[in-house]
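Derivation of every value follows stated rules applied to the coordinates shown; laboratory data play no part. Predicted model, so just to flag it, every value in this text is computed and none were measured. We place every Cβ from the backbone using ideal geometry, glycine too, and count neighbours over all the protein chains shown.
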Amino acid sequence: MKRERLLQFGALLWLMAVWILLWGNVSWGNILGGLAVGALIMVLMPLPRVPVEGRVHVLPLLRLAVMFVYYSLQSSLQIAYLALRPGPPPVTGVLRYQLGIKSDLVLTLCIDVLNLIPGTMVLEIDQVRRIVYVHVLDMGSQKAVSQFYRTVAQLERLFIEAFERDSDWKPSPWHNRDLQYDDPTQEGSS
């Protein structure tokens, strides 16, 4: 419960900072107004609970950031080459990959990173089986397809090392639950 309150306090401070930035100057009135508006937003429009499981490991997170920048640059150069080279357009297609990521939050972060890498776009996610269907710009050779699978496997490994180590994994009470259907006050009512 203490962790949840700390996260709520952080969200309140974030909303206050956004309010101050929108007004353009720091004053006591803007600070108090930002706190009031932030509290009002949090009460009237609460966000659903996001299960936070495991811990963040800083070194693997830094490796993940470095690899993301590397893959982004590499993919950007490949796309520039494909766009500027003479000849027919590249062969595109949809590839499937099953991720071993347990947490919905980490799965979302991984999908976001995949979408930010040029030349790839996640089209569909099977949340139960953790299968992603990704549109890939260059599938002209087996080497390009293998490179895509290696890239996704390395990103998956880095996400697991950074967020979901087995030694730190503790499923949240809300993990894989749909609160709309699990709410006992909803039973029997139609």
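Let me check I've understood the local charge: for Asp138, count other residues with C-beta under 15 angstrom from its C-beta, Lys and Arg +1, Asp and Glu -1. What total comes out?
On the way: positive: Arg85, Lys143, Arg150; negative: none.
So the environment of Asp138 carries a net charge of +3.
Could you tell me what fraction of 2.2 N^0.38 Å the Cα radius of gyration of the stretch 2-49 comes to, as a two-decimal ratio?
Working: Rg = 11.1 Å, N = 48, 2.2 N^0.38 = 9.6 Å.
So the Cα radius of gyration is 1.16 times the expected 2.2 N^0.38 Å.
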Report summary line: Helix 28-44: inclination vs the chain longest Cα principal axis, degrees, rounded to 10, gives 80
Query raised in the report: Can you pull the three principal axis extents for the Cα set of the stretch 58-163, in Å, largest first?
Result: 43, 29, 19
Report task. Obtain the nm distance between the two label points defined at Tyr81 and Leu116 by a simple spin-label model: each point lies 7 Å from its Cα along the Cα-to-C-beta direction. Result -> 2.4
Query raised in the report: Separation of the stretch 102-160 and the stretch 1-38 by C-alpha centroid, Å?
Result: 35
Query raised in the report: Using every alpha carbon pair in the chain, what percent of pairs falls into each 5 Å bin from 0 up to the bin containing the largest distance?
Result: 1, 6, 11, 13, 13, 12, 12, 11, 9, 6, 3, 1, 0, 0
Report summary line: Nearest 10, in degrees from 0 to 90: the angle of helix 58-84 to the longest Cα principal axis of the chain is 50
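Report the trypsin sites (Lys or Arg not before Pro) located in the stretch 40-129 that are in a DSSP loop and have at most 11 other Cβ atoms inside 10 Å of their Cβ, or state none. Spell out each step's value before the answer.
Numbers: sites: Arg49, Arg55, Arg63, Arg96, Lys102, Arg129; in loops: Arg49, Arg55, Lys102, Arg129.
Those that pass, being in a loop and sparsely packed, are Arg129.
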